[in-house]
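These notes are about the structure you will find just below.
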Amino acid sequence: MDITPATAATPVADITPAYYRQVLGKLPTGVVAITGVNDDDERLGLVVGTFQSLSLDPPLVMFCVDKSSSTWPKLRKLQNFTANILSDDQVSICRSLSRKGPQKFEGLPCTTGPLGTPHLDGATAYIDCVVTAEVVVGDHYMVVGAVTNMNEGTGNALIFRGGKFGQYQPIEIPAPEVARSAS
């Protein structure tokens, strides 16, 4: 796999990182735990807020991870991962996998998926993938995974917006009134 740097546009001087985060923080994102296991049976995991479907045919997903991540280089070597879409009652799991250090999985219930990767119990969905591409984009890596297996779990997805966790609430939109014709 080749890690290719992407060409970036010249940034506008008055867009500070803080203002950028404030504006883009208006857009909710899903909370996804990327998990794997190395040759020493060490469970590895990190949390991403940028995860999405990329292609239906073939089925591909993508996520972005900060270049400063100490976990991604270990996961990268494996060339496969599971994307666990966390449910809205898994904030503690998110916090556990977001911290530094080797005890990230301590006390986290999980089962082993088809790729040998951890499936976190109670996740909304499990998406097993093989890494097909990685591109350097700004201060992140954009990773593309080919989906090899997927299953629905339980619960509703955990959402992050404006620095806070939340949950999805559907909007009830009344059906449009049908115009009656004059007879």
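The values are calculated or read from the model by the stated rules, or taken from the named source; none is laboratory data. Because the structure is a prediction, the values reported are computed rather than measured. Quick reminder, even Gly has a Cβ in these numbers, built from the backbone with ideal geometry, and neighbours come from all protein chains shown.
Overview of values
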| read-out | value |
| --- | --- |
| Some residue of the stretch 49-71 being at positive phi and over 13 Å from the mean Cα position of the chain (by Cα) | no |
| Qualifying residue in the stretch 126-133 (condition: among the aromatic types (Phe, Trp, Tyr) and modelled with pLDDT of 95 or more) | yes |
| Boolean, Arg161 is surrounded by fewer than 19 Cβ atoms within 10 Å (Cβ to Cβ), of a type in the set (D, E, K, R) and touching a residue at least 40 places away in the same chain (Cβ under 8 Å) | yes |
| Residues (of a type in the set (Asp, Glu) and over 19 Å from Gly49 (Cβ atoms)) located in the stretch 84-108 | Glu106 |
| Residue in the stretch 55-77 that is more than 25 Å from Arg161 (Cβ to Cβ), of a type in the set (D, E, K, R) and modelled with pLDDT of 95 or more present | yes |
| Long-range neighbours under 6 Å by Cβ, at least six apart or interchain, first residue farther than 9 Å from Leu46 by Cα and among the hydrophobic types (A, V, I, L, M, F, W, C) within the stretch 96-114, second modelled with pLDDT of 90 or more and part of a loop (DSSP other than H, G, I, E, B) | Cys110/Asp121 |
| Boolean, Ser92 is exposed (fewer than 14 other Cβ atoms within 10 Å of the Cβ), among the small types (Gly, Ala, Ser), within 17 Å of Val31 (Cβ to Cβ) and out of contact with any Ser or Thr (no Cβ under 9 Å at 6 or more places or on another chain) | yes |
| Restricting the stretch 39-87 to residues that are out of contact with any Lys or Arg (no Cβ under 7 Å at 6 or more places or on another chain), of a type in the set (Gly, Ala, Ser) and not in a strand (DSSP E or B), the residue that is surrounded by the fewest Cβ atoms within 10 Å (Cβ to Cβ) | Ser68 |
| Filtered residues of the stretch 14-40 (kept if out of contact with any strand residue (DSSP E or B) (no Cβ under 7 Å at 6 or more places or on another chain) and among the β-branched types (Val, Ile, Thr)) | Ile15, Thr16, Val23 |
